[in-house]
Amino acid sequence: MALVSLKNEIVSMFQESIYAESESEYEIIKAEEKGGKLYEAYSLAILCRNLKEKEGFRLVLSKGHKLYLKRGTGPINRNYPCIQAYKNDELVAEIWTDVCFLSQSYLRTSSFLRSAQPQYGDYHELDILMVDPGLESYPTPDQIWLGVECKNTGMKKGILKEILGVRRELSFISEECETKFSKWPQSKARSNPPSCLLLFSSDSSVKNYSCSGRFYDIKFIHEPFE
């Protein structure tokens, strides 16, 4: 599919799932974006469609000083728009792109041994994070509803190792706990805090890693991108 047509399809998917006051607010993909960043936007559109259709969230595009979604690693930055998730009239969560969360290894290190301010290895980025509303800076694992990593590339063993490391820094294996979701992506998780972790891949071989995913509560999802 031509790049322009692909961007138009993504915008159309956003329009079907997310409310915005004007058509111009949907121009949240930079004109020069392509490849991996477009796949992130495509995955976000699919995520929002599922959250609306399967979980009944009402999704609203927030306002920011910049029209496009956040790109580049770092904490939550409210100069950019996010996607607000409502249940009835209550704002219950927000969806951000390219945000880092504070790791379990940092938070569980004694305050006498860890640095006062998180260092580079103390936080980790996910392409998409759904978190409690109203947060500033870096979310902590107990504030995270779900995280998504998006890979528009061949599925390699190194990606598995990477996502397993992310899961460990998000939570620990535990008895089944209820998540924030009633159906999708899952209502219970063997993790504490009980966050959901998804990996979207354009490579069909991602399904070969589902066994590890079942054990560690990671959903490997094949989403073609053409």
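Quick note: the coordinates plus some simple rules give every number you see, no bench work behind them. What you see is a predicted model; the values in this text were computed from it and never measured. Backbone-built Cβ (ideal geometry, glycine too); neighbour counts: all protein chains shown.
Checking the table Lys52/Lys151; Lys7/Lys66; Lys7/Lys183; Lys7/Lys87 against a 26 Å threshold on Cα-Cα, which pairs fail?
Too far apart for the 26 Å limit: Lys7/Lys183; Lys7/Lys87.
Return the loop-located GluC sites (Glu not before Pro) in the stretch 70-169 (DSSP other than H, G, I, E, B) with at most 16 other Cβ atoms within 10 Å of their own Cβ; answer none if there are none.
Glu136
Give me Rg/Rg_expected for the stretch 3-222, where Rg uses Cα atoms only and Rg_expected = 2.2 N^0.38 Å with N residues.
Here the Cα radius of gyration is 0.99 times the empirical estimate.
Please compute, over every Cα-Cα pair in the stretch 133-199, the percentage with a separation greater than 16 angstrom.
Here the long-distance tail beyond 16 Å is 51 percent of all Cα pairs in the stretch 133-199.
Based on DSSP, what percent of beta bridges with both residues in the stretch 99-226 are antiparallel, to the nearest 5?
Looking only at bridges with both residues in the stretch 99-226, the antiparallel portion is about 50 percent.
Sum up the charges of everything whose Cβ sits under 11 Å from the Cβ of Phe200, counting Lys and Arg as +1 and Asp and Glu as -1, but leave Phe200 out.
-3
Could you run the Karplus curve 6.51 cos²θ - 1.76 cosθ + 1.60 with θ = phi - 60° over the stretch 73-85 and give me ³J(HN,Hα) per residue in whole Hz, x for Gly and Pro?
Along the stretch 73-85, the couplings run 6, x, x, 4, 10, 7, 6, 9, x, 10, 10, 8, 10 Hz.
Name the most mobile residue of Leu44, Leu135, Leu126, meaning the one with the largest mean-square fluctuation, in a Gaussian network model of the chain with Cα contacts below 10 Å.
Ranking Leu44, Leu135, Leu126 by mean-square fluctuation puts Leu135 first.
If you project the alpha carbons of the stretch 101-226 onto their three principal axes, what span does each projection cover, largest first, in Å?
In descending order, the Cα extents are 47, 31, 27 Å.
From Cα pairs below 8 angstrom and at least 6 apart in sequence, can you work out the relative contact order of the stretch 1-114, rounded to a whole percent?
Relative contact order of the stretch 1-114: 20 percent.
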